[in-house]
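Peer 1: What follows is a single structure, and I will ask about it in a moment.
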Amino acid sequence: MKVAMWAEIRRLSEIDKLSGRVIARRLHCSRHTVAAALEMQQPPGSAAARRASLLDPYVEQINNLLAKYPDLSAVRIREEIARGPEGYTGSTIAVRRYLRRVRPARARVYQEVHYEPAQAMQVDWGECGRVQVGATTRKVSVFVAVLCYSRLLYIEFTLSQRKAEFYRGLVNALTFFGGSPRNLIFDNLKAAVLNGAGRHACFHPEFLALCGYFCMQPVACARRDPESKGVVEGGVRYVKHNALAGRAGELLRFEDYLALAPTWRDQVANVRLHETTHERPSERFHQERALLRPLPAIPFDTDEVVPAVVSPHARITFDGNRYSAPPQFVRRPLTLRANRDELRLLHEGHVVAQHVRSYQRGQLLVLPEHRLAALTLRQRPPQQALTQEFDAWGPEAREFHVQLNRRPVKTGVQVRRLLNLAQLYGRTEVLAAIRHALELATYDAAGVENLLLAERRRRQLPTPTLPTPQRRELIDDIELEPADPALYDRFCHDTTEASHGTT
């Protein structure tokens, strides 16, 4: 029987003085229902009568098991009560239903934390989807910092959650607040915590340097415990549900995110009536501003500094892109410094290259001066200069050159090889071999080299070895007079003849 039916029956009987038959006819119910309602002094309960269950005979046994093993699972309890010929034959679902009633789930109890002015600031990252940057799709993240007392909020959109971006966001937030609080609360960020968590966290040295520079005490939260920094967690949700919600048509480029951050922060977030403090953060901040520690006069360096080695193609790789470097530093180490807008390459503290930073991926950015310098270094001597140098050796060289032009060979390759032989054996020996080649009508650089080797073997002289340095750039700037190894042969012959004469 419903309470409304019971109340109407009592009213018709006590106030209207109607009989049970009339009441039953008017309410379209049985006279027995009317009689039962008039006998009830209290309204009927809302819960339906509980039906008997197959589990009822085993309730006492279950309670005994729970008293001994409070965390015993429903499956194990059913196995225990199903033992024997008269054991439980029902399903595990009934056991689970009974356990939910007698053993409610343990829930965490939270304690509200009150912060004093300038006591703490909480920081965290939030993910905001993706945006198209040129031909690349990049993830957009938001850095959120909140002063715990005034709830004044600072946000900054980035295209990564790298260590440098986190440090830059922290410094920009402190600059926006105009001072630093005593404590900095955060979770297990890789940029802040190397290992451990909570009180046992091992902090990153660079992060400790930042906290020490602004005289802040780092406070790491326990692992998987976002409620311990609920102030900034609420700030991240507020950014997603208010700043970004419904703006998909407006936020088409990353520049749109950058323009939205200060506008929404100053015109919406920090002037709203906060639901917890019931005050506007911008007005409540007046009580906190004077208690913040003033910032140092020298800004903290947040550039990302990484060592890099210039590739053989005069390139430096950073953040998925390749940047050109001066060709004279090929295979040499440089220092790369990158901020939000630019990228600089330094050698011994001096800037040797500067690029506009690209946030696309797979791009090659080459400065015109680097391209010109690379072409200059790769350029070989002109063909005409090589032939003129070879012809200047004398009539034998010019005759050999003429004969080369009549043969189906690449004259330039042959002349260059002969000039290289002169660097190794000396011009005198090469000219003698050329004269011998002209007599034999052998017009080929390889033939000249064979004649050179045969002559040295006849004279029992060692074969000179051309030096092949591992790093060519180490000897590029050395200038030496061309040597003539024949001089050393003369000394050997003189010494030999002198020794024979003495004997």
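The values are calculated or read from the model by the stated rules, or taken from the named source; none is laboratory data. Because the structure is a prediction, the values reported are computed rather than measured. Every residue, glycine as well, gets a Cβ built from its backbone with ideal geometry; the counts of neighbours run over all protein chains shown. These area figures cover heavy atoms from the full protein model, side chains too; ligands, DNA and RNA do not enter into them. Shrake-Rupley method; radii C 1.70, N 1.55, O 1.52, S 1.80 Å.
Peer 1: Could you tell me which of the residues E279, E250, E348, E283 is of a type outside the set (A, V, I, L, M, F, W, C) and closer than 27 Å to Y213 by Cα?
Peer 2: So the residue among E279, E250, E348, E283 that is of a type outside the set (A, V, I, L, M, F, W, C) and closer than 27 Å to Y213 by Cα is E348.
Peer 1: Residues that are open to solvent by 60 Å² or more (accessible area, probe 1.4 Å) and closer than 25 Å to V140 by Cα: list the strands (runs of 3 or more DSSP E) wholly contained in region 177-254 that include at least 3 such residues. Break it down into steps so the answer makes sense when it comes.
Peer 2: Values: elements: 183-186, 193-195, 217-220.
Result: empty, no element qualifies.
Peer 1: Right, here's the next one. Working only within region 278-292, note down all residues that are surrounded by 13 or more Cβ atoms within 10 Å (Cβ to Cβ) and assigned to a loop (DSSP other than H, G, I, E, B).
Peer 2: Hits for region 278-292 are E279, R280, F285, L291, L292.
Peer 1: Moving to a separate point now. Can you name the number of the only condition in (1) part of a loop (DSSP other than H, G, I, E, B); (2) on the phi < 0 side of the Ramachandran plot that G84 fails?
Peer 2: Only one criterion in (1) part of a loop (DSSP other than H, G, I, E, B); (2) on the phi < 0 side of the Ramachandran plot is unmet by G84, namely (2).
Peer 1: Next question. Filtering region 53-76 down to residues that are among the small types (G, A, S) and in a loop (DSSP other than H, G, I, E, B), which residue is nearest to T92 (Cα to Cα)?
Peer 2: Only one residue tops the list, namely S73.
Peer 1: Next question, about the same structure. List the number of the failed condition for E348; all other conditions in (1) loosely packed, with under 11 Cβ neighbours inside 10 Å; (2) on the phi < 0 side of the Ramachandran plot hold.
Peer 2: Unmet condition: (2).
Peer 1: If you take the residues in region 389-405 that are open to solvent by 80 Å² or more (accessible area, probe 1.4 Å) and free of Cβ contacts under 8 Å to residues at least 24 places away in the same chain, which one is nearest to A446 (Cα to Cα)?
Peer 2: So, considering only residues that are open to solvent by 80 Å² or more (accessible area, probe 1.4 Å) and free of Cβ contacts under 8 Å to residues at least 24 places away in the same chain, the one nearest to A446 (Cα to Cα) is N405.
Peer 1: Would you mind stating whether N172 is surrounded by 12 or more Cβ atoms within 10 Å (Cβ to Cβ) and polar (S, T, N, Q)?
Peer 2: When the stated conditions are applied, N172 passes them.
Peer 1: Residue by residue through region 75-90, note down the ones that are open to solvent by 60 Å² or more (accessible area, probe 1.4 Å) and free of Cβ contacts under 8 Å to residues at least 24 places away in the same chain.
Peer 2: V75, R76, R78, E79, R83, P85, E86
Peer 1: On to the next question. For region 54-74, give me each residue that is open to solvent by 70 Å² or more (accessible area, probe 1.4 Å) and under 56 Å from the mean Cα position of the chain (by Cα).
Peer 2: N64, A67, K68, Y69, P70, D71
Peer 1: Return the residues of region 421-434 that are open to solvent by 80 Å² or more (accessible area, probe 1.4 Å) and more than 10 Å from A397 (Cβ to Cβ); say none if nothing qualifies.
Peer 2: Q423
Peer 1: Taking into account only those residues within region 108-146 that are part of a strand (DSSP E or B) and small (G, A, S), which is surrounded by the most Cβ atoms within 10 Å (Cβ to Cβ)?
Peer 2: Selected residue: A145.
Peer 1: Run Y167 past the list (1) at pLDDT 95 or above; (2) crowded, with 19+ Cβ neighbours inside 10 Å; (3) more than 17 Å from the chain's Cα centre (by Cα) and report the number of the one that doesn't hold.
Peer 2: It is condition (3) that Y167 fails.
Peer 1: Something else now. Identify, from the list N339, N321, the residue that is surrounded by 12 or more Cβ atoms within 10 Å (Cβ to Cβ), of a type in the set (S, T, N, Q) and touching a Ser or Thr at 6+ places or on another chain (Cβ under 6 Å).
Peer 2: Being surrounded by 12 or more Cβ atoms within 10 Å (Cβ to Cβ), of a type in the set (S, T, N, Q) and touching a Ser or Thr at 6+ places or on another chain (Cβ under 6 Å) holds for just one of N339, N321, which is N321.
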